[in-house]
Amino acid sequence: CLADFSTLGYGIRATITLKVDIECRDDIKEHLLQHQNTNSLWKINNGYDFMTEMIFKNICELEDFIENLEKSYKIIEKNVYYIINDIAREIFMSDPKKLEFFEI
């Protein structure tokens, strides 16, 4: 079951990648884990430390979140990607015709 957050009044979804100072990695990880707007959090590679999916009611809330994050932690680099439309979600192994390719 996948929630439609926009029907609950949360119309802004964004994926944010963060490269942070090594000394604040644990602190920012805990902050993101505890933040009420975090939907998912991943540790990633290729020059970045974390990727998070955040959900907000509006752009102002998201911008305030990012501003506070930058004030509180040493963010070396960040990218914000707004999710405009879901094309496909949770489709791995969802098509019965393709299940024959997996050893189940």
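A few notes on this one:
- Across the accessible surface of region 11-104, with the other protein chains kept in place and a 1.4 Å probe, carbon and sulfur atoms take up 49 percent.
- Relative contact order of the chain, defined on C-alpha pairs under 8 angstrom at six or more residues apart (%): 37
- Two-site label geometry, residue 101 and residue 46: point separation in nm, points 7 Å out along Cα→Cβ: 2.1
- Region 14-64 - convex hull of alpha carbons, volume per residue in Å³: 78
- Loop-exposed chymotrypsin sites (Phe, Trp or Tyr not before Pro) per DSSP, neighbour cap 15 Cβ within 10 angstrom, longest uninterrupted part of the chain: 1-91
- Accessible solvent surface per residue of the chain, calculated while the other protein chains remain in place, 1.4 angstrom probe, Å²: 74
- Dividing the helix sum by the residues of the chain, where each DSSP H run of 4 or more adds -39500 (n - 2.57), gives a mean residue ellipticity at 222 nm of -7000 deg cm²/dmol.
- Nearest-ten-degree value, helix 25-34 long axis tilted from longest Cα axis of the chain: 60
- Put simply, the amide H of residue 76, placed in the peptide plane, has neighbours under 5 Å in 19, 20, 21, leaving out anything fewer than 5 places away on its chain.
- Between the beta carbons of residue 79 and residue 30, assuming R0 = 22 Å, the FRET efficiency works out to 0.55 to the nearest 0.05.
The values are calculated or read from the model by the stated rules, or taken from the named source; none is laboratory data. These numbers come from a predicted model, not from an experiment. Cβ coordinates were reconstructed from backbone atoms using ideal geometry, including for glycine residues, and neighbour counts include every protein chain displayed. The accessibility values were calculated without ligands, DNA or RNA, using every heavy atom of the protein model including side chains. Shrake-Rupley method; radii C 1.70, N 1.55, O 1.52, S 1.80 Å.
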